[in-house]
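> Handing you this structure, nothing more for now.
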């Protein structure tokens, strides 16, 4: 018996990962199809919730002359009943930007006047200054949306090339299919919950792709290390997953704690970013252990490990 076989036999975990892979495949198929249907329905109805980066809108930079520092929660409360349009409010940093805020929302000049009137009514027209305004046109926002999807596809292609070079093409295809699976399901969740698709959410998805592929590489690397064993490939995959399950759990839990902390204490600006990543880590951890490895078994069927 080789050293690797001894290591595999002595692992303290005996989880039957391979046994649950058919069930995971059914669950993933349902979630994948449901996510596509939800996305298609939102697009068809025109109710897809895009931020002004992708849908166009107005950005106002305002400064309030006030002897006391104004809490951003106070400004957000003023716009709680503004109407159907959601106003994204950010507080500008720096001593020279005390009581300066950035208001971003979808709308036209009429909504801009209404937004400014809210501040005028509460602080006085002579105390509120409009430092600058920016209108993001529909053409620019449409280009931004196209670029967002191009970036995701480019990330997939680069990762597929990297996996093919590091392992071989039979490892690359399961990895890229798993990444597509993860992105589509996460996208389906934020679409179902009507979360705003913004630059921050896009950043979260791109970060998630990098996080997930790292998880998949760890699993595939251990499978490759153990592949000189004379065991059937399914047993090699199962023992390899048990070898790395402790590392996987520790990494995922620590990442979820960080993302959860941002969701709780990071404020509304970072909430959607953290929420997207939180969901993605759960799905990515599940997929790297059950979907990617299951697909690898399928692709390696009849082939030498």
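The values are calculated or read from the model by the stated rules, or taken from the named source; none is laboratory data. Please read these numbers as outputs of a predicted model, since none were measured by experiment. Counting neighbours? That spans all protein chains shown, and the Cβs are built from the backbone with ideal geometry, glycine included.
> Scan the range 32-83 for residues that are part of a loop (DSSP other than H, G, I, E, B) and in contact with a helix residue (DSSP H, G or I) (Cβ under 6 Å, 6 or more places away or on another chain) and jot them down.
Those that are part of a loop (DSSP other than H, G, I, E, B) and in contact with a helix residue (DSSP H, G or I) (Cβ under 6 Å, 6 or more places away or on another chain): 48, 56.
> Now for a different question. Can you name the condition, by its number, that residue 191 falls short on among (1) part of a helix (DSSP H, G or I); (2) at pLDDT below 90?
So the condition that residue 191 fails would be (2).
> Could I ask something else about it? Would you be able to say whether some residue in the range 91-99 is within 20 Å of residue 201 (Cβ to Cβ), surrounded by 13 or more Cβ atoms within 10 Å (Cβ to Cβ) and within 26 Å of the chain's Cα centre (by Cα)?
no
> Out of 27, 23, 75, 36, report the one residue that is modelled with pLDDT of 85 or more and in contact with a strand residue (DSSP E or B) (Cβ under 6 Å, 6 or more places away or on another chain).
Testing whether each residue is modelled with pLDDT of 85 or more and in contact with a strand residue (DSSP E or B) (Cβ under 6 Å, 6 or more places away or on another chain) leaves just 75.
> Here is a list of conditions, (1) over 18 Å from residue 189 (Cβ atoms); (2) assigned to a helix (DSSP H, G or I); (3) in the same structural domain as residue 178 (by TED's automatic domain parsing), and residue 15 meets all of them except one; can you say which number that is?
(2)
> When only residues in the range 130-157 that are over 17 Å from the mean Cα position of the chain (by Cα) and exposed (fewer than 12 other Cβ atoms within 10 Å of the Cβ) count, which is modelled with the lowest pLDDT?
So, considering only residues that are over 17 Å from the mean Cα position of the chain (by Cα) and exposed (fewer than 12 other Cβ atoms within 10 Å of the Cβ), the one modelled with the lowest pLDDT is 139.
> Read through the list (1) surrounded by 13 or more Cβ atoms within 10 Å (Cβ to Cβ); (2) out of contact with any helix residue (DSSP H, G or I) (no Cβ under 9 Å at 6 or more places or on another chain); (3) at pLDDT 80 or above, then give the number of the only condition that residue 86 fails.
(3)
> Sticking with this one: Is it true that residue 269 is surrounded by fewer than 22 Cβ atoms within 10 Å (Cβ to Cβ), free of Cβ contacts under 8 Å to residues at least 40 places away in the same chain and assigned to a helix (DSSP H, G or I)?
no
> In the range 147-167, what count of residues is obtained for those that are in a helix (DSSP H, G or I) and more than 15 Å from residue 205 (Cα to Cα)?
9
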